Amino acid sequence: MAKDVNSASYTIGVIGTGTMGRGIAQIAVAGGFHVKMYDAQDGAARKAEEFIHRMINRAAEKGQMTEAEAAAANGRLAIVEKLADFAGCGMVVEAIVENLEIKRELFRELEGICDKDTILASNTSSLSVTQIAAGCAHPDRVAGFHFFNPVPLLKVVEVVDGQMTAPWVADKLDAIARKCGHDPVRTQDTPGFLVNHAGRGLYTEGVRILAESIAEPHQVDDVLREGGANFRMGPFELMDTTGLDVSGVVMESIYEQFYQEQRFKPQAFIRNRMAAGLLGRKTGRGFYVYKDDKKVVPAARPVPKDLPDSVWVGPDGDDGAGALAAFLTASVGERLKIETGAKPSARAICMVAPYGRDATMTALDLKIEPERTVAVDPLFGFAGRRTLMTTSVTDDGVRDMAHAVLAVDGGAVTIIHDSPGFIAQRVIATIVNISAEIAQMGIATPEDINKAVRLGLAYPQGPLEFGDSIGPARIHAILTAMHDFYGDPRYRPSPWLTRRARLGVSLMTPES
């Protein structure tokens with residue numbers, strides 16, 4: 001077994017001193033480990049050393065550690081000139097170029113240098129740990145140790161078990177991560193590991209909505225930030241920030257690595273935008289235009305002034321319709337008549353609040369005129385931005401009066417074209433469903449799924465927590481309705497979700 005990680009003599013080797021490597025070295029020395037750094041590029045390790053010393057000293061200046069602790073941490077950092085100097089390390093982690101053969105060759109060379117119980121860890125974000133380890137004589141001591149950028153600030157690390165990784169290896173990496181001040185999440189070796197796997201739904205469903213001309217990029221982002229889901233950034237803001245040349249490649253890669261699993265299917269226009277150089281902030285134009293590095297936001301639609309005489313909200317007894325009727329009664333009930341019941345009066349505009357269904361089919365099923373029908377998303381209530389959805393033939397005047405009604409208290413309104421599940425419903429349901437499938441496949445525990453996404457992607461809730469807060473039965477109903485409408489297997493509910501929805505239990509409920 002590897003040396004006790006609590007030992008003051010435990011040494012970690014770091015190969016590759018770019019952004020990720022220097023970040024790993026920094027948290028390791030701050031956590032009490034001795035660190036040896038190596039980089040094949042002349043002068044790179046020295047620059048990394050200077051950077052780490054600055055960061056450690058700055059932490060002392062901010063009161064995050066004492067000057068004595070900073071001096072001790074700086075003293076535990078050393079540069080080595082050759083791989084042979086890693087002999088005696090308890091663990092070596094590589095943070096070099098994402099190339100399978102180069103990583104394999106490095107680990108083969110390290111096997112001839114390091115002790116037989118030295119852990120060989122890869123910070124790879126996209127390559128299979130199992131395939132890296134397959135080049136080693138002892139693949140049982142190889143694991144993934146995937147940090148996120150910037151390493152000192154994003155305090156989560158994926159501990160990845162390859163097919164042959166010995167249990168003690170992951171246990172040691174878990175302990176090392178905690179000593180470095182990071183929260184480890186355990187995951188099996190699958191495409192995207194845990195964080196990038198669980199985060200697919202936000203991107204893939206966002207681009208699907210755009211591909212169907214349901215909404216513009218800023219509308220999707222606005223709804224997901226301000227409509228109750230409370231994401232810090234929507235999918236198109238995120239893709240513009242990371243660069244479509246990165247996000248687009250990851251979308252395609254994960255889709256192909258999962259043998260074209262439809263839940264991860266990207267859209268064809270992404271590749272065209274990449275070819276056109278519409279990469280985002282770094283090129284000045286992506287899903288948004290940027291001037292002086294600031295996003296240019298399209299002007300909001302003016303709020304109409306004319307209110308209808310009355311609004312019918314239905315169907316009677318539906319919980320979404322009931323919540324909408326209560327909201328309208330409180331906000332505009334003194335200015336117009338709020339109708340409920342089986343059928344609307346002749347002059348009323350009709351508002352429905354379906355889950356997983358579109359406005360057109362809802363109107364036809366209720367036998368009300370689609371020309372005077374609009375839909376409002378009830379998923380997160382109506383305290384934040386409201387989403388108003390027209391049927392395929394809604395009269396413009398009806399749409400405008402509905403907009404005026406929803407905005408009468410000053411609330412923001414986003415108007416979109418017809419869509420099963422609006423925006424928030426379909427995105428959140430997709431996110432929850434993918435994570436439920438991760439749990440079903442045994443890739444990670446429900447607790448680690450939530451923790452990884454909260455810490456690694458800064459989601460307001462973990463995916464399964466989202467599902468529980470909305471209700472597993474409701475998420476299941478949204479997906480089922482979308483699957484019935486589209487006939488697309490991307491919306492088929494995961495068995496994990498289906499069973500817990502029918503049992504009426506939390507998505508965190510493990511298999512007995």
| field | Binned Cα-Cα distances of the stretch 53-106, short to long, each 5 Å bin given as a whole percent | value | 4, 15, 18, 14, 14, 14, 11, 7, 2
| request: Would you be so kind as to identify which of Ala60, Pro495, Met482 lies farthest towards the positive end of the dipole of the chain, taking Lys and Arg as +1 and Asp and Glu as -1 on Cβ and the Cα centre as origin? | output: Ala60
| task | Could you tell me which of His403, Ile209, Ala133 has its Cα farthest along the dipole of the chain towards the positive end, charges placed at Cβ (Lys, Arg +1; Asp, Glu -1), taken about the Cα centre? | result | His403
| said: Rounded to whole Å, give me the distance from the Cα center of the stretch 198-273 to that of the stretch 28-53. | reply: 36
| note | Reduced to Cα centres, the span from the stretch 370-415 to the stretch 120-134 in Å works out to 49
| field | Extension gain, Ala175 back to Glu109 (0.36 nm per residue minus Cα-Cα distance, nm) | value | 21.2 nm
| task | Quick one: dipole size for the chain, taken about the Cα centre, charges +1 on Lys/Arg Cβ and -1 on Asp/Glu Cβ, in debye to the nearest 20. | result | 460
| said: Students often forget the sequence filter, so: which lysines lie under 22 Å Cα-Cα from Lys47 once same-chain residues fewer than 8 apart are removed? | reply: Lys36, Lys82
| query | Sequence-distant or interchain residues sharing an amide H contact under 5 Å with Glu339, placed H: which? | reply | Val311, Trp312, Val313
| query | So who's got an amide H within less than 5 Å of the one on Met37, skipping anything under 5 residues away but keeping other chains? H placed 1.01 Å off N, in plane. | reply | Val14, Ala78, Ile79, Val80
| query | Rounded to the nearest 0.05, what FRET efficiency do Glu50 and Ala383 have when you use their Cβ-Cβ distance and R0 = 56 Å? | reply | 0.65
| remark: Relative contact order in percent for the stretch 329-427 (Cα pairs under 8 Å, 6+ apart) equals 29
| said: From Cα pairs below 8 angstrom and at least 6 apart in sequence, can you work out the relative contact order of the chain, rounded to a whole percent? | reply: 11
| task | Run the quick spin-label model on Ala275 and Tyr259: label points 7 Å from Cα toward the beta carbon, then report their separation in nm to one decimal. | result | 3.0
| remark: Sorted by chain and then number, the residues having a modelled amide H within less than 5 Å of the amide H of Ile119, at least 5 places away or on another chain, are Met91, Val92
| Which percent, nearest 5, of DSSP beta bridges in the chain are antiparallel? | 25
| field | Residue-wise HN-Hα coupling along the stretch 283-299, computed from phi with Karplus coefficients 6.51, -1.76, 1.60 (Hz; x: Gly, Pro) | value | 10, x, 7, x, 6, 10, 9, 10, 10, 6, 6, 10, 5, 8, 9, x, 5
| Whole-percent carbon and sulfur share, accessible surface of the chain, 1.4 Å | 51
| field | Integer Hz, Karplus 6.51/-1.76/1.60 couplings in order for the stretch 53-62, x for Gly and Pro | value | 4, 4, 5, 5, 5, 5, 4, 5, 4, 7
| Fully extended contour minus Cα-Cα distance, from Lys294 to Asp42, at 0.36 nm per residue | 87.0 nm
| For the chain, what is the accessible area per residue in Å², given a 1.4 Å probe and the full set of protein chains? | 42
| remark: Scattering profile of the chain from the Debye formula, Cα beads only, expressed as log10 I(q)/I(0) at q = 0.09, 0.10, 0.11 Å⁻¹, is -0.71, -0.84, -0.96
| query | How far, in nm, would the chain grow between Ala68 and Thr283 when pulled straight, counting 0.36 nm per residue and subtracting the alpha carbon separation? | reply | 72.9 nm
| query | Along the Cα-to-Cβ line of Ser469, 7 Å from the Cα, sits a label point; which residues in the stretch 479-512 have backbone N less than 16 Å from it? | reply | 507-508
| query | Hey, rough spin-label estimate for Lys155 and Lys82, points 7 angstrom out along Cα→Cβ, what's it come to in nanometres? | reply | 4.1
| message | Straight-line reach only, C-alpha to C-alpha below 20 angstrom: list the lysines that Lys291 could link to, leaving out same-chain residues fewer than 8 apart. | response | Lys282
| query | Rounded to the nearest 500, what is the chain's calculated 222 nm mean residue ellipticity when only DSSP H runs of at least 4 contribute -39500 (n - 2.57) each, over all residues? | reply | -13000 deg cm²/dmol
| field | Virtual spin-label span in nm between Thr329 and Thr509, 7 Å along Cα→Cβ | value | 3.4
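The values are calculated or read from the model by the stated rules, or taken from the named source; none is laboratory data. Quantities reported herein were computed from a predicted structural model and do not represent experimental measurements. A quick note on method: Cβ atoms are made from the backbone with ideal geometry, for glycine too, and the neighbour counts reach across all protein chains shown. The accessibility values were calculated without ligands, DNA or RNA, using every heavy atom of the protein model including side chains. Shrake-Rupley method; radii C 1.70, N 1.55, O 1.52, S 1.80 Å.
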